[in-house]
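Here the structure comes first, spelled out in structure tokens, and everything after it is commentary.
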Ligand SMILES: [Zn+2]
């Protein structure tokens, strides 16, 4: 088991993040039956949101809850929650399949009473990744939750959670961990694992973790394999090695046109909560160095172009890794790897919601088309066909041009990952 799992805080007093600890303690002021039934935890990756979510589950189901200190961490409920085997706690990762099936199951089972505890706790991680449909289903449940149901939603991007959901939740904000907080978390592990590390090395580790408890713990775990005392120099080498290694593997996959490997590296980075923007910057820097060594390389120039474009698209992409994935697929040549065609991802609601993103994205291709789209609207998405409603005949003509349609199809594919057809109809103004 990894350090992060072993040493993740189990009770409130073990939480190093002071503000989170205090926010959780305030929950103890009330009787359980008076506590809110929905919580939204927002903050950067690795700041302990899911850890705190489990502690909330314990607050509701611990059989020896203390009014001053919270859950005991030792009773059967607390232990099984910590292990992730508690039948009354359901953890859903919205990032994995965008939650459609999970939310459906949740709605079907929500009426069931708890198996062993007083409450059923539903933890939904990366809740902003849910589809519109899943959000709507969730909202219905939040509007009239059964008395035994508690929801803890966690997100790294609260801006993408619909206001209708937010307004029904008690919000807790998780800020990036401070240097002292990270240090005390690491020192605890260092002592238990009997790791020998000097102060400067620990300082560098804290700095590299960039406010993330998870990153800090992972780095320390990696270093724990080192024999003898860990110095600042050891840390530096390890840091460079791990980042360099991933980057080199990625560039290597690109040059070999190995789409599968390229995508799997991205997938791994996503799972580890890596920042896609930073990764893109690192790729571009690496490619630039290579280009300067080999000015003639058409291939490197092509890669730089494609990944610079991905960087620009990142800002408007609803899914952070999507532009990067598309860049890999396009650079390596689509024919070498048939992407599974996903259908049903794009809905009328979603397109309407992101219509301004579509316009923004198109602007770089063609200003006049973007202008026309601004005074048109998405009418319907059905059976893979996007129907756009234009309100002037000359808008209809412009959007119906094969070239314009092609650009629209490419934009939808780019933003929503789905291949569609485009139809334009004239609406009444
Ligand atoms: Zn307990």
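The values are calculated or read from the model by the stated rules, or taken from the named source; none is laboratory data. If you're wondering where the values come from, they're calculated on a predicted model, not measured in any experiment. Neighbour counts run over all protein chains shown; Cβ positions are idealised from the backbone, glycine included.
A few points about this structure:
- Any chance residue 60 is at pLDDT 95 or above and part of a helix (DSSP H, G or I): yes
- The set of residues in region 407-417 that are crowded, with 19+ Cβ neighbours inside 10 Å and under 25 Å from the mean Cα position of the chain (by Cα) comprises 411, 412, 414, 415, 416.
- Of the residues making up region 39-55, those that are in contact (Cβ under 8 Å) with a residue 60 or more places away in the chain and within 13 Å of the ligand (Cβ to nearest atom) number 1.
- Close pairs (7 angstrom Cβ cut-off, 6 or more residues apart or separate chains): within 18 Å of residue 126 (Cα to Cα) in region 74-93, part of a helix (DSSP H, G or I) and within 11 Å of the ligand (Cβ to nearest atom) anywhere: 89/57; 89/81
- Flag for residue 245 being outside any loop (DSSP other than H, G, I, E, B) and either without any contact (Cβ under 8 Å) to a residue 60 or more places away in the chain or over 30 Å from residue 194 (Cα atoms) (or both): yes
- When residues of region 78-103 are limited to those that are part of a helix (DSSP H, G or I) and within 21 Å of the chain's Cα centre (by Cα), the one farthest from residue 42 (Cα to Cα): 101
- Search result, residues across region 384-411 that are at negative phi and touching a residue at least 40 places away in the same chain (Cβ under 8 Å): 386, 407, 408, 411
- Conditions (1) within 16 Å of the ligand (Cβ to nearest atom); (2) within 28 Å of the chain's Cα centre (by Cα); (3) in a loop (DSSP other than H, G, I, E, B): number failed by residue 36: (1)
- Within region 185-229, restricting attention to residues that are within 16 Å of residue 4 (Cβ to Cβ) and not in a helix (DSSP H, G or I), the residue that is nearest to the chain's Cα centre (by Cα) is 212.
- Members of region 102-134 found to be surrounded by fewer than 20 Cβ atoms within 10 Å (Cβ to Cβ), in contact with a helix residue (DSSP H, G or I) (Cβ under 9 Å, 6 or more places away or on another chain) and within 30 Å of residue 352 (Cβ to Cβ), listed by number: 104, 107, 110, 132, 133
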